[in-house]
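Data block below; observations after.
The values are calculated or read from the model by the stated rules, or taken from the named source; none is laboratory data. Note that the structure is a prediction, hence the values are computed from the model and not measured. Cβ placement follows ideal geometry from the backbone for every residue including glycine, while neighbour counts extend to all protein chains displayed. Side chains included, ligands, DNA and RNA excluded: accessible areas come from the protein's heavy atoms. Shrake-Rupley method; radii C 1.70, N 1.55, O 1.52, S 1.80 Å.
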Amino acid sequence: MYKTSKWKSKFLIVALGQAISLLGSHGVQFALIWWLAEKTSSPLMLGISGLVAYLPMTLFSPLAGIAADRINRKFICIFSDMTMGIIAMVYAVLLHFFDLPVWTVFIMLCVRGTGSTFQQPAIQSIIPQLVPPEQLVKTNGWMQLMNAGSFFLGPIIGASLYAAFPMSVVLMSDVIGAVLASAALAVVKVPKLEKQRTESQNMALQFKEGLEVFQQDKKLFCLIVCEALCMFFYAPLSSFYPLMTSDYFRLSAIHGSAVELAFAVGMLASSLLFSSVLKIKRKIRTSFIGLLGMGISAAICGMLPPVYAGWIFFAAACICLGASGNIHTIPLTAYIQETVAAEKMGRAFSVLTLISSVTMPVGLLISSPIAEKVGVNTWFFISGVSMVLITTFILLFRQIKEKAYKVS
């Protein structure tokens, strides 16, 4: 599969295509969320937007993982990207000719969430088909570096387009990104995956096999349980970022984009280190450290006073949040790509998607009314402290179990 050095050029084409697609998506997402924040000024409405975006992941993640293992992964990625692009174009046309109510954006977010649900496990499973195992940490670092670049530039593009053009024009950047990403993947030849005879197995049994991947690896299982518990508190924060800037600090969309940029700077710095000089041997422990960093950073965000100097420290804490997220994600992704059988990898990654898709809506259902009453800054603090306590407890529990096993 890796007989020549051509894997580098194939990987770069795929990664650049995905980065361009994300660039358009992040720009549109920033503009849409800021549009909702300005029109509603409600944590509940932003919470609902996150809920409808993640609900398809909850419903379709098992199916998406099975599809990634049974259907051509390249086709799934292209089809998903183009579908999301077409939906954005249709909504842009309707928005141009009609004065649509704000709630109609929820429909588009729901359809986009469905497309992302099928695309994510497929693209994550394609990478090990292109890249040698010993290069997975480095290439995942490069993937996150390009993703961080999209996070970095997306808010700038989104804020600039939002200030200069109506939403119908802003949405077209998502269409362009989807077309370019699909074209990039279309020209790359992905090696065929040898499939086991799973056609006779029902979907429930196949998804159960994906769950068994984690149950068979105790270290990975502890990390996934910890991530699931932490994401219940952390995932809703992404829906509340605009309100921290607009309502808590009373600042403009430019300041909101600066916060997104700060988060991206943290992602860029950590991705660059992973893709160049860092060589991680203990991937599971490193991923745990990332979760701790995310919790500490979120708690700091919640303790800041609502003054301009507080916003500066908020932006600095967001740099740490972006870096910590990568410290958790990159080693975890590489570990799964190294250790999980190729024919089960799609289902394994769909389990991770399912964790995010379940914790996000459940977290939003609880956090949105709380944030509405006590403020989004208080939820940042509650989330951060909870994540630190959960991660510390599971790390201690794991160490006690390991010592007990050695003694026995």
Those residues that are over 14 Å from L171 (Cβ atoms) and either of a type outside the set (A, V, I, L, M) or open to solvent by 20 Å² or more (accessible area, probe 1.4 Å) (or both), I need them from segment 75-97; list them, please. F75, C77, I78, F79, S80, D81, M82, T83
Is it true that some residue in segment 272-293 is surrounded by fewer than 18 Cβ atoms within 10 Å (Cβ to Cβ), closer than 25 Å to G27 by Cβ and of a type in the set (A, V, I, L, M)? yes
Quick one: Y308 ticks every box in (1) open to solvent by 30 Å² or more (accessible area, probe 1.4 Å); (2) in contact (Cβ under 8 Å) with a residue 60 or more places away in the chain; (3) hydroxyl-bearing (S, T, Y) except a single one, so which number is it? (2)
What about L229, is it assigned to a helix (DSSP H, G or I), open to solvent by 70 Å² or more (accessible area, probe 1.4 Å), of a type outside the set (G, A, S) and modelled with pLDDT under 75? no
Can you tell me which of (1) open to solvent by 20 Å² or more (accessible area, probe 1.4 Å); (2) among the aromatic types (F, W, Y); (3) over 26 Å from I355 (Cα atoms) is the one F249 doesn't meet? (1)
Which is over 30 Å from D69 (Cα atoms) and touching a residue at least 60 places away in the same chain (Cβ under 8 Å), of G363, G384, G346? G384
Return the pairs, sorted by first residue and then second, in which the second residue is outside any helix (DSSP H, G or I) and not polar (S, T, N, Q), the first residue lies in segment 24-41 and is open to solvent by 20 Å² or more (accessible area, probe 1.4 Å), the beta carbons are less than 6 Å apart, and the residues are 6+ apart or on different chains. K39/V102
Out of segment 327-344, which residues are of a type in the set (S, T, Y) and within 17 Å of the chain's Cα centre (by Cα)? T329, T333
Leading residue by the ranking (farthest from L220 (Cα to Cα)) among those in segment 397-408 that are open to solvent by 60 Å² or more (accessible area, probe 1.4 Å) and either at pLDDT 90 or above or of a type outside the set (A, V, I, L, M, F, W, C) (or both): S408
Residue that is surrounded by the fewest Cβ atoms within 10 Å (Cβ to Cβ), among those in segment 325-347 that are of a type in the set (S, T, N, Q) and within 17 Å of P132 (Cβ to Cβ): T339
